[in-house]
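Since the structure comes first, as structure tokens, the remarks are kept for the end.
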Amino acid sequence: MVRTERWSSGNVILIGDALRTAHFSIGSGTRKALEDAVALAAALAAEPADLAAAFARFRAARGPTLKRLVDISMTSAAWYERMREHMRLDPVPFTYSFVTRAGHIDLERLRKRDPEFAAEYDAYARHSTTSDR
């Protein structure tokens with residue numbers, strides 16, 4: 001896991017995986033790098049005469065996203081570290097566990113994104129013991 005406190009030096013600033021890495025399981029490296037580039041371009045356009053201010057603006061804009069990405073990534077990585085335990089689950093609770101592994105999708109959000117699977121999970125949960133969930 002790459003993390004850095006210092007995002008820039010002189011006229012160079014880090015973006016994408018050079019700035020931070022995330023566990024492969026959340027698959028957001030390219031997207032986050034492009035979002036960083038867009039945010040950096042916006043910061044440079046807003047502060048064309050002051051590079052330090054532009055870099056500070058970029059950091060302020062991307063800092064919360066970075067924290068959230070790292071949190072989600074660490075949670076997802078921890079799920080993979082318990083793979084043996086997850087592989088003992090039936091297919092429906094395994095799938096639910098996998099989809100919700102990073103913590104940014106809960107059952108309510110899943111109901112909106114995939115109502116058919118959420119209904120299947122609800123039916124499974126109603127007919128199983130607590131330890132099977």
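Per residue, what volume in Å³ does the convex hull of the Cα atoms of the chain enclose? Intermediate results must be reported in sequence, preceding the final value.
Working: hull volume 15.6 nm³, N = 133.
Measuring per residue, one finds 117 Å³ for the Cα hull of the chain.
Taking trypsin sites (Lys or Arg not before Pro) across region 42-109, the ones in a DSSP loop with at most 16 further Cβ atoms lying within 10 angstrom of their Cβ are 82, 88. Shape index of region 5-76: Rg/Rh, with Rg the Cα radius of gyration and Rh the Kirkwood radius from the inverse mean 1/r over Cα pairs, equals 1.00.
So which helices of the chain fit the span-like rule, where a helix is a whole DSSP H run, its Cα atoms reach 24 Å or more along the axis, and its mean Kyte-Doolittle is at least 0.5? Show your work: numbers first, answer last.
Working: long enough: 29-46 (25 Å, 0.75); 51-81 (42 Å, 0.19).
Flagged H segments are 29-46.
Can you work out the FRET efficiency for the pair residue 83 and residue 12, with r the C-beta to C-beta distance and R0 = 41 Å, to the nearest 0.05? It would help to have the intermediate numbers written out before the result.
On the way: r = 39 Å, r/R0 = 0.95.
Computed FRET efficiency for residue 83 and residue 12: 0.55.
Direction-averaged shadow area of the convex hull around the Cα atoms of region 51-125, nm²?
Working: hull surface 25.5 nm².
Convex hull of Cα atoms, orientation-averaged projection: 6.4 nm².
Please report the relative contact order for the chain, taking Cα pairs under 8 Å with a sequence separation of at least 6, and give it as a percent rounded to a whole number. Before the final figure, lay out the partial values.
Details: 109 pairs, mean separation 24.2, N = 133.
Averaging sequence separation for qualifying contacts and normalising by length gives 18 percent for the chain.
Across all directions, the average flat footprint of the convex hull enclosing the Cα atoms of region 1-43 is 3.2 nm². Here residue 65 and residue 106 are evaluated by their C-beta separation; at R0 = 22 Å the FRET efficiency comes out at 0.65.
A Förster radius of 22 Å combined with the Cβ-Cβ distance from residue 51 to residue 21 puts the calculated FRET efficiency at roughly 0.30.
Bear in mind that the values in this text are calculations on the coordinates, not laboratory data. In this text, all values refer to a predicted model and were calculated from it rather than measured experimentally. Neighbour counts run over all protein chains shown; Cβ positions are idealised from the backbone, glycine included.
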